[in-house]
Amino acid sequence: MELPAMRSLYFVALDKNDMSVKRMQSFLTLQPGELTGCVGCHESRAMTAPTTVSMSALDHRPRRITPIDDVPNVFDYPRDIQPILDKHCVGCHDSAENESGVDLGGDRTPNYSISYLTLFQRGMVSDGRNLPYSNREPRSIGSSASRLMEFIDGRHYDVKLSELERKTIRLWIDASATYPGTYAALGAGMVRVRFPIRMLVERCGGCHVTNPRQRSRSKPLLDFETTCNLSRPARSKLLRAPLAKSAGGLGKCGEDVFADTDDPCYRGILRALEAAGERLKEEKRFDMPGFRPDVAYVREMKRFGILPADVKPDDPIDVYQTDRDYWRSFWYVPEPTETEPATGPEPSDPRDFPPFDPRNPFRRRGM
């Protein structure tokens, strides 16, 4: 393969349906003009590689990889995935009231969105994050191991996504299923909910007690955070599950913990969620209008020359474009020669790769 220099890539083996079979858990970066192979990592430690076997890939020139034109270079869950769920899924899966109890709405939680956390809480996406091993069995990670793909292939009731929509979700999963699509999200838009802990323990601790077994669960944050709706606090499952059906709740706790919405504990939880929601509106998350990145992000982008040095605190910043410009600043551009101007990707097209010298396919022009 002919790969762009100074770009980080990782490889995913696909089946005939473009579903992941096995993938690398680390990335590869090549320097200009560098040749590399798979030996060193993917070889036997007990014998030398055979020299009498020729690979068919060596019988032709390296194939240049090409970007996928109809999907984003960097996925952003609220921007790229949530609209697909809104279009095809939220009509049924809009709250905890539906038969399945699966909420795929885009309302915000203290750190993410309800739908994003629900997908992981329900085991719909297999991304393997933060696991202490990488050489996994085939089809145990990525799109082929993610149940979400089964629900969007046309067999789940009348849900029929377009090919582009399915492709977008599949590639988002195989690109590690991240939530933000910008580094500007770091250190911003995460708010704390100051619950009335004593009342919660008194009213709910009899069933929802924290014990060593619960603390050992792999994703306790997902279980709790999906119950907190900061966009519409009164719709929070934390409030509606223990609220009597006669008062508009779900009545999920056996005996009604809250007989009505005037219960002091109910009111205390609601006030805590509303206050957190107001703080989020003020501080803003990366996917909210008027978002302003953390001062450290702005400082470093100014230091690297990506943002103007005189950018003002209230100047609007397109963090997605800023990120693209930052990463693009590391791209390799060949030095110009006396007879040939510098070649490289034009600013308007972030997908081009520097050309190879046709006289030597393994050497970049200007090197």
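The values are calculated or read from the model by the stated rules, or taken from the named source; none is laboratory data. Bear in mind that the values here come from a model prediction, so they are computed numbers and not experimental data. Note that we place each Cβ from the backbone using ideal geometry, even for glycine, and neighbour counts take in every protein chain shown.
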Quiz prompt | Criterion violated by G105 - all others in (1) assigned to a loop (DSSP other than H, G, I, E, B); (2) over 19 Å from S26 (Cα atoms); (3) within 12 Å of the chain's Cα centre (by Cα) satisfied | solution = (3)
Exercise. Quickly run through the stretch 108-124 and pick out the residues that are surrounded by fewer than 24 Cβ atoms within 10 Å (Cβ to Cβ) and part of a loop (DSSP other than H, G, I, E, B).
Key: P110, N111, Y112, R122, G123, M124
Exercise. Kindly indicate which of A185, A177 is on the phi > 0 side of the Ramachandran plot, touching a residue at least 40 places away in the same chain (Cβ under 8 Å) and under 13 Å from the mean Cα position of the chain (by Cα).
Key: A177
Quiz item: If you go through the stretch 150-202 one residue at a time, how many are surrounded by fewer than 16 Cβ atoms within 10 Å (Cβ to Cβ), at pLDDT 90 or above and not in a loop (DSSP other than H, G, I, E, B)?
Solution: 4
Exercise. Considering only the stretch 125-143, state which residues are within 17 Å of the chain's Cα centre (by Cα) and either at negative phi or exposed (fewer than 15 other Cβ atoms within 10 Å of the Cβ) (or both).
Key: V125, S126, D127, R129, N130, L131, I141, S143
Quiz item: How many residues does the stretch 267-296 hold that are modelled with pLDDT under 95 and either at positive phi or of a type in the set (S, T, Y) (or both)?
Solution: 1
Quiz item: Among all residue pairs at least 6 apart or on different chains, which show Cβ distances below 9 Å where the first residue, located in the stretch 75-98, is basic (K, R) and the second is modelled with pLDDT of 95 or more and in a helix (DSSP H, G or I)?
Solution: R79/Y320; K87/E165
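From S95, S54, S44, S20, which residue is of a type in the set (S, T, N, Q) and assigned by TED's automatic domain parsing to the domain that holds Y133?
Working: S54 fails: assigned by TED's automatic domain parsing to the domain that holds Y133; S44 fails: assigned by TED's automatic domain parsing to the domain that holds Y133; S20 fails: assigned by TED's automatic domain parsing to the domain that holds Y133.
Step by step, each of S95, S54, S44, S20 is checked, and only S95 is of a type in the set (S, T, N, Q) and assigned by TED's automatic domain parsing to the domain that holds Y133.
Please tell me if P72 is touching an Asp or Glu at 6+ places or on another chain (Cβ under 9 Å) and more than 30 Å from A275 (Cβ to Cβ).
Values: touching an Asp or Glu at 6+ places or on another chain (Cβ under 9 Å): yes; more than 30 Å from A275 (Cβ to Cβ): yes.
In short, yes.
Within the stretch 294-310, identify whether any single residue is within 30 Å of V74 (Cα to Cα), of a type in the set (A, V, I, L, M, F, W, C) and touching a Lys or Arg at 6+ places or on another chain (Cβ under 7 Å), and answer yes or no.
Quick first cut of the stretch 294-310, residues within 30 Å of V74 (Cα to Cα) only: 294-310.
Next cut, of a type in the set (A, V, I, L, M, F, W, C) only: 295-296, 298, 301, 304, 306-307, 309.
This time we only want the ones that are touching a Lys or Arg at 6+ places or on another chain (Cβ under 7 Å), so: 309.
Yes; the residues of the stretch 294-310 include at least one that is within 30 Å of V74 (Cα to Cα), of a type in the set (A, V, I, L, M, F, W, C) and touching a Lys or Arg at 6+ places or on another chain (Cβ under 7 Å).
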Quiz prompt | Leading residue by the ranking (nearest to E165 (Cα to Cα)) among those in the stretch 37-88 that are under 19 Å from the mean Cα position of the chain (by Cα), in a helix (DSSP H, G or I) and charged (D, E, K, R) | solution = D80
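Return yes or no: is R122 in contact with a Leu (Cβ under 8 Å, 6 or more places away or on another chain), of a type in the set (K, R) and closer than 22 Å to R240 by Cα?
On the way: in contact with a Leu (Cβ under 8 Å, 6 or more places away or on another chain): no; of a type in the set (K, R): yes; closer than 22 Å to R240 by Cα: yes.
Taking the combined requirement at face value, the residue does not satisfy it.
Restricting the search to the stretch 242-252, which residues are surrounded by fewer than 17 Cβ atoms within 10 Å (Cβ to Cβ) and under 19 Å from V201 (Cα atoms)?
We begin by selecting, within the stretch 242-252, every residue surrounded by fewer than 17 Cβ atoms within 10 Å (Cβ to Cβ); these are 245-248, 252.
Residue satisfying the conditions is K252 alone.
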Quiz item: In the stretch 39-48, how many are closer than 21 Å to F11 by Cβ, among the hydrophobic types (A, V, I, L, M, F, W, C) and surrounded by fewer than 10 Cβ atoms within 10 Å (Cβ to Cβ)?
Solution: 1
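Rundown of residues vs (1) crowded, with 19+ Cβ neighbours inside 10 Å; (2) within 21 Å of M24 (Cβ to Cβ), yes/no style:
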position	(1), (2)
R63	no, yes
T66	no, yes
C92	no, no
L148	yes, no
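Take M6 and decide whether it is surrounded by 10 or more Cβ atoms within 10 Å (Cβ to Cβ), at pLDDT 80 or above and not assigned by TED's automatic domain parsing to the domain that holds Q321.
Numbers: surrounded by 10 or more Cβ atoms within 10 Å (Cβ to Cβ): yes; at pLDDT 80 or above: yes; not assigned by TED's automatic domain parsing to the domain that holds Q321: yes.
So M6 fits the description; yes.
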